[in-house]
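Structure record follows, encoded as structure tokens.
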Amino acid sequence: MRVVLFHDEVRPGAPADEQDVLVQMDAIAAALADIGHESCRIPCTLNLEAVANSLRDAKPHLVFNLVESIDGQGRLIHLGPSLLESLRLPFTGCSAAAMVATSCKPLSKLVLQGARIDTPDWHVLDSLSSNTAVVPGRYILKSSWEHASRGLDDASIVNITKPDQLAAALKARLPMLAGDGFAEAYIDGREFNLSILAGEVLPPAEIVFDGFDPAKPRIVDYAAKWDAASPEYTGTPRRFEFPSADRALLDDLRSVALKCWHCFGLRGYARVDFRVDGEGRPWVLEVNANPCLSPDAGFAAAVAQAGCEYREAIRRIVEDARRV
Ligand SMILES: Nc1ncnc2c1ncn2[C@@H]1O[C@H](COP(=O)(O)OP(=O)(O)O)[C@@H](O)[C@H]1O
Ligand SMILES: [Mg+2]
């Protein structure tokens, strides 16, 4: 089979999270070759007409959609699958509609709420300016469209004592958040990632906060994900071993993750990020419909933990794309 790897164009000097697609493509191309498929690469740029022509000329049997942003902007992520759907080309991962619904975090939270899946309370600027009641407390200021912990560091966490402080804090933070952000209730507690492969929930992973100063927010910020030399990176190892006391919680996480898979109509692969509060209640932070497939990232680690080879996971993602 001829497979096109459809990916972000990596600009010279691009930050580490953008460069990562190159690592993913090398690993996926090798896995595809192992299972007997040839592949080539086509970047997705803002010149959609030229991209459409390249895709048509390549005459692929399947497109492996790795587009996470276009022109460095996460808010354009759905143009990749939208273009593929308009060209009637089969592709891996979720539909364009599911990509919008999961990638726009405030929108995804509305969908979660509608499906009665717990997600932390949140405010966008519009709702703040129309005087929504803001409960004083701790909030995290996040980008609406960017992922990979872009714009997240210790200063993302704010303590609000008076309601009107939240809008001011969010406005001041917008330049770090690609211009569009929201404030979300901070869940002080454990963090879990649940990966799903073709509808099968893989072993849950916990991100452990190791050696964090008590005053430092326990979040997986940009440095924790991308700066291997930082204390945040070395201080956030992943673990798959749990005491039996965690069994009920882990079952709960598995069932909520699967509920997310079905409520967004996902396909191929996904990862659901959770925090668990002091009472042991899981809260969905986000649903990643195209999580990073680098061999050293969380999805591949969960695949390995399930006793599955990386290339077998790629084979199942390819197979699931043809399920439509
Ligand atoms: N409401 C929250 N409470 C506590 N920590 C949070 C919350 N939202 C995000 N975080 C922290 O920030 C990290 C990144 O947030 P997330 O919503 O997963 O966005 P992304 O991974 O797409 O950048 C999480 O892994 C978590 O450590
Ligand atoms: Mg996340």
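Nothing in this text is a laboratory measurement; each read-out follows from the coordinates by a stated rule. What you see is a predicted model, and the numbers here were worked out from it, not measured in a lab. No Cβ is skipped: glycine too gets one built from the backbone with ideal geometry, and neighbour counts run over all protein chains shown.
Principal axis extents of the Cα atoms in segment 106-172, from largest to smallest and rounded to whole angstrom, are 31, 28, 19.
Legend: ranking of residues GLU309, GLU191, GLU85 from fewest to most surrounding C-beta atoms inside 10 Å; resulting order GLU309, GLU85, GLU191. Residues HIS147, HIS262, arranged from fewest to most other Cβ atoms within 10 angstrom of their Cβ, appear as HIS262, HIS147. Ranked for footprinting exposure by Cβ neighbours inside 10 Å, fewest first, MET176, MET99 give MET176, MET99.
Remark: the ASP213-GLU309 segment gains 30.8 nm on full extension, using 0.36 nm per residue and subtracting the alpha carbon distance. Set against the 2.2 N^0.38 Å expectation for a compact globular protein, segment 229-281 has a Cα radius of gyration ratio of 1.42. Of VAL158, PRO120, SER130, which is farthest towards the positive pole of segment 119-185's charge dipole, taken about the Cα centre with +1 and -1 on the beta-carbons of Lys, Arg and Asp, Glu respectively? The residue sitting most towards the positive pole is VAL158. Stokes-Einstein diffusion for segment 224-324 at 20 °C, viscosity 1.002 mPa s, with a Kirkwood radius from C-alpha pairs, works out to 139 µm²/s.
Per residue of the chain, the DSSP helices (runs of n ≥ 4 H) give a summed -39500 (n - 2.57) that works out to -10500 deg cm²/dmol at 222 nm.
Placing +1 on each Lys and Arg Cβ and -1 on each Asp and Glu Cβ, with no other charges, gives segment 38-150 a dipole about its Cα centre of roughly 180 debye.
Net charge dipole, segment 1-98: roughly 380 debye, given to the nearest 20, about the Cα centre with Cβ charges of +1 for Lys and Arg and -1 for Asp and Glu. Highest mean packing comes first when the peptides 263-273, 4-14, 69-79 are listed by Cβ atoms within 10 Å, giving 263-273, 69-79, 4-14. Once Rg and the Kirkwood radius are both taken over the C-alpha atoms of segment 2-91, their ratio Rg/Rh works out to 0.95. Based on alpha-carbon atoms, the Kirkwood radius and the radius of gyration of the chain give Rg/Rh equal to 0.96.
Charge dipole (Cα centre; +1 on Lys/Arg Cβ, -1 on Asp/Glu Cβ; no other charges) of the chain amounts to roughly 760 debye. Across the options TYR310, PRO237, ALA248, the greatest Cα extent toward the positive end of the charge dipole of segment 221-324 (unit charges at beta carbon of Lys, Arg, Asp, Glu) belongs to TYR310. Take every pair of alpha-carbon atoms less than 8 Å apart whose residues are at least six positions apart; their mean separation over the length of the chain yields a relative contact order of 19 percent.
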